[in-house]
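Read through the structure below, which is laid out as structure tokens, and then see the notes.
The values are calculated or read from the model by the stated rules, or taken from the named source; none is laboratory data. Remember, predicted model here, so these are calculated numbers, not experimental data. When we count neighbours, we look across all protein chains shown, and the Cβ atoms used for this are built from the backbone with ideal geometry, even at glycine. Note: accessible area is taken over every heavy atom of the protein model, side chains too, but ligands, DNA and RNA are not part of it. Shrake-Rupley method; radii C 1.70, N 1.55, O 1.52, S 1.80 Å.
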Amino acid sequence: MKILMPTIFHPYIGGITFHVENIINNLNNLGDYEFHILNYKSKEMDDNNNNYNSFTNIHIHEVPYIPKLRGISYAHRGYEIGKELLNDMDIDMIHSHYAFPQGVVGALLRNKYNIPHILTLHGSDVLKLSKNPVGKLFFNYAIKNCDKIICVSEFLKNQLPKSYRNKTEVVYNGVDFDLFYDINKDENYGLFVGSFVPQKGIDILIDAVKDIDFNFKLIGDGVLFDAVKNRIDKENISNIELLGKKNQKEVSEYIKKCSFLVLPSISEGLGMVLLEAMASGKATIGTNVGGISELIKDNYNGFLVEPKNPNMLREKINILIDDKDLRKKMGENGKKFSKRFSWKETAKRIDGIYKELLNK
């Protein structure tokens, strides 16, 4: 089966990249697949376009774009490159990841070639793009012009217009248990992993922990990185260390050695890093927004706190700092809970959706 995937992929690091990589790796165990990925052009790719995968059945087609017009330019060039692929190859299906620009490219190609189109919605496309006066036009076009919608949480599905929910399935992300597992180490630091963007609530986290006698490490980068660094320097906050961007292997090592993981998001589609921490035997703290409550069971595998509430967040963090036995117990419960989420099962669900659409 040949799948055209408009998506972000390696060398770009992020949740969608890891999602796509893991479903591809596991789909390869279920059938004879060939993947053609429409990825943003990157200087880091070599001439053969194969240095970021270990499978000969993954073909990366780079899409040039204009940085200040990233979405629109990707949509234009991605559509043109997609047409070439559909004209020259026997593509069976399109599976887009994220509503715009990738989902719009998939929708345009679906309508021109009458080919099945699946759209996976990952979070901010539902929570932010669909609420933007211009963005919602692209979002609505993408969800209208697909044959199946996949959401990574029940929360995201419930945010969609009711008329689209009958063609929507919830397929949770999985955990890479080869990377994330309990090594029974606790090196006395709290950890945040995520993009440095407003919706992650990093300022709330800093407000909560800046006066606590405990170390915190923050992994990630993004538009707020410089502002966060400047604040830490200006206020002379000595217990917070910024580690910048790390690859998935490096992230797993920090998670496996932390005391607990904190995700203080203002909005969140699911919060995959919480599951990765649970698989590593770590207690978690997250805000009661989006799909986070589908993962954190309050007082069982972590704590749920209200968003934008640094006092409540500080209180729960202090509880875990002071009670090492409690964070170990919550970590054990989280490890059990995480076993429900595997990429193998995720791939089985997606494989079933592919075959269902092809047999219609």
How high is the FRET efficiency between D182 and D88 when r is their beta carbon distance and R₀ equals 56 Å, given to the nearest 0.05?
0.70
List, in the order given, every pair from K162/K355; K210/K316; K128/K335; K246/K335 whose Cα-Cα distance in the structure shown is over 21 Å.
K162/K355; K128/K335; K246/K335
Within region 143-173: backbone nitrogen closer than 11 Å to the E345 label point (7 Å, Cα to C-beta)
172-173
Taking the highest mean first, how do the peptides 270-283, 13-26, 98-111, 251-264 order by number of other beta carbon atoms within 10 angstrom per residue?
270-283, 98-111, 251-264, 13-26
So if R0 is 30 Å, what FRET efficiency would K336 and N247 give, r being the distance between their Cβ atoms, rounded to the nearest 0.05?
0.60
Among L27, L85, L313, which one shows the highest mean-square fluctuation when the chain is modelled as a Gaussian network with alpha-carbon springs under 10 Å?
L85
Straight-line reach only, C-alpha to C-alpha below 16 angstrom: list the aspartates and glutamates that K136 could link to, leaving out same-chain residues fewer than 8 apart.
D125
Enter the accessible area per residue of the chain (Å², integer; probe 1.4 Å; all protein chains in place).
44 Å²
List the aspartates and glutamates whose alpha-carbon lies under 18 Å from that of K234, not counting same-chain residues fewer than 8 positions away?
D203, D207, D211, D226
Viscosity 1.002 mPa s, 20 °C: Kirkwood-radius Stokes-Einstein D of region 22-176 over Cα pairs, µm²/s
131 µm²/s
Considering the chain as a Gaussian network with a 10 Å cut-off on Cα pairs, which listed residue, K316, K348, K112, attains the greatest mean-square fluctuation?
K112
Where does each of R349, R340, R165 land when they are ordered by accessible area, with a 1.4 Å probe and the largest first?
R340, R349, R165
Zone reached by a paramagnetic label modelled 7 Å from Y113 Cα along Cα→Cβ, restricted to region 328-360 with backbone N below 19 Å, covers 354-360
Carbon and sulfur %, accessible surface of the chain computed with the full protein complex present, 1.4 Å
47 percent
